[in-house]
Amino acid sequence: AAKVEANAETGLQAAEEQAEVSGAPEATGTPEATGTPETTGEPEGTGTPEGTGTPEVTGGAETTGAPEATGIPEVTAAPEATEAAGKNISLGTQGLSAIVMDYGDRGTFGLDTTSEASVYTPIKDQIAAVKYEYATVIKDSDVVLELSEDGSYHTIGFGDAAITVTVYDAFGVKCASHTYSIQIERNMKTVRLSKSSFSAKSVIYSNTVHTFRTKVTGMEGLGEETCGLEFATESTNDDMDVFVSFKKGVLTFEVHETGSTKTYVWINGEKFTVTIQIKEIKLSGSTAFYMIPGQNKTLSVKNLGDLKATFKSTNAKVASVTSTGQIQAKKVGNAVIVVTVDGHNFGCALSVLTKTRKKVVTKAKNIGTNWTYSQPKRMLKNYYDCSSLVWKCYKLEGKYFGDRYYAPVAAAIARYCAIHGKNVTGDIAKNIQAMKYLPGALTFKPGANNGRYLGIYHVEMFVGYTFEGVEEDGTPILGTRWGARDNNYQYGTIWAQP
């Protein structure tokens, strides 16, 4: 026993001297007894234990271009990375350099026991078993790297990992332990988009969502859910909603609204630019206008291309339309010309008026837009209030609401209309959608405690309809235009048609 202990001690000293020269780790001392002989190194002069032969090395594809080994088992930040040669990676010469691996790689780690710089070469005759496991210096290495104890691996994410390799002799005694850092990435300079420009058309009010896809060559099977993959997007047009996803190596763009935009996509820091243009199919020019009986007007559809448009009037007795979009005004009234393209409806609202009534509503809009509101100066040129606007405009038709020389207040105008049977009854919202009001109609707001007729305190002149869109069944949705107010002003509860 004394001789065995002496030989063991001599073996430890020899291993320590050899580690200093070769960069191998220091001997770890005598382990606790496990039922095997109590020696911690190979006794002097005995060589390889009898019957074991030369221990087999796990893995073993030789790596090239590896920096000189340092023998330091604990890994720190690597100043530069060493490319992994092939799928099978030999360990031992990497030193502080990180091993660079590609996402999706599969292979086996092994030990380099032939290179002079390898930390395993000096102890190759002692190695009987090798164990591979995750190192504690980097948390969650298993998120990006699958590793088995036998050294087989599979890279499943992007980022950093670390493994510890422990070698044992034939008696199960640990000879050395080294930790290696790993970087899993993808060379983004070789990644390309199969297509980077898209275009389409949308019919106005159709709420069409366009979907475009492009393959990301070099990132097959990957996506934004891949662990460690960095993914971000940005659009240059805030008026367009562009939703981008990246799954299984394919970028998908969901585009709402029309217009042009550049969408920037960053994948692992690499920037890609995708140009998207959605042209809107709509009427050229105004979608709300006046016509005089006998007048003709031709509608033009913008961005129609090879598509076909059909035209239909909601009131052909007031205004008819041909298959080519030519409108003929026939008599006073209102109508909508409905245009259908690719199953989607849009159109325009028109009112056929006498020449004089057209002058009345045109002047009302001009006053409301360009003149100055003032009750004290309401009767002066270039000034108006709500009731004097009505009076000044209707003078063109010879209508004075009971006073040829001075504009009555709103309540007096309402009382005059009621006495002369000019009020229009019925549900106001339904009347608007049915185009029951002619431009020039008046709306009154009652309810004030002012001692006047019905407490009316305000009047506005309705000057026509707007085409706001379509219902799901294609029915037109109409809005209102006003002389001195913005479109779709909150009208009063009393209406009259002078």
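Structure notes:
- Using the Cβ of Lys247 as centre and a radius below 14 Å, the other residues enclosed give a net charge of -1, where K and R count +1 and D and E count -1.
- Net length available on complete extension from Ile477 to Asp142 is 114.7 nm, with 0.36 nm assigned per residue and the Cα-Cα distance removed.
- Electrostatic bookkeeping for Lys355 treats Lys and Arg as +1 and Asp and Glu as -1; over the other residues with beta carbon under 14 Å from its beta carbon, the sum is +4.
- Here the contact order of segment 430-498, divided by its residue count and restricted to Cα pairs under 8 Å and six or more residues apart, works out to 35 percent.
- Dipole in debye (nearest 20) - segment 94-175, about Cα centre, beta carbon charges: Lys, Arg +1; Asp, Glu -1: 160
- Charged side chains reduced to their Cβ positions (Lys and Arg at +1, Asp and Glu at -1) give segment 320-441 a dipole of some 580 debye around its Cα centre.
- Estimated translational diffusion coefficient (Stokes-Einstein, Kirkwood radius over Cα pairs, 20 °C, 1.002 mPa s) of segment 449-498: 165 µm² per second.
- A simple count of charges around Asn423, restricted to other residues whose Cβ falls under 13 Å of its Cβ and scoring Lys, Arg +1 and Asp, Glu -1, yields +3.
- For segment 343-490, alpha-carbon Rg and Dmax in angstrom: 16.2, 55
- Here is the P(r) of segment 130-192: all C-alpha pair distances, binned every 10 Å from 0, give 21, 44, 23, 10, 2, 0 in whole percents.
- Restraint check, Lys377/Lys445; Lys331/Lys422; Lys312/Lys359, Cα-Cα greater than 24 Å: Lys312/Lys359
- Residue among Asn303, Thr314, Phe253 farthest towards the positive dipole end of segment 253-345, charges placed on Cβ: Thr314
Each value in this text was obtained by applying a stated rule to the coordinates, not by laboratory testing. Since this is a predicted model, take the numbers as computed values, not measurements. Every residue, glycine as well, gets a Cβ built from its backbone with ideal geometry; the counts of neighbours run over all protein chains shown.
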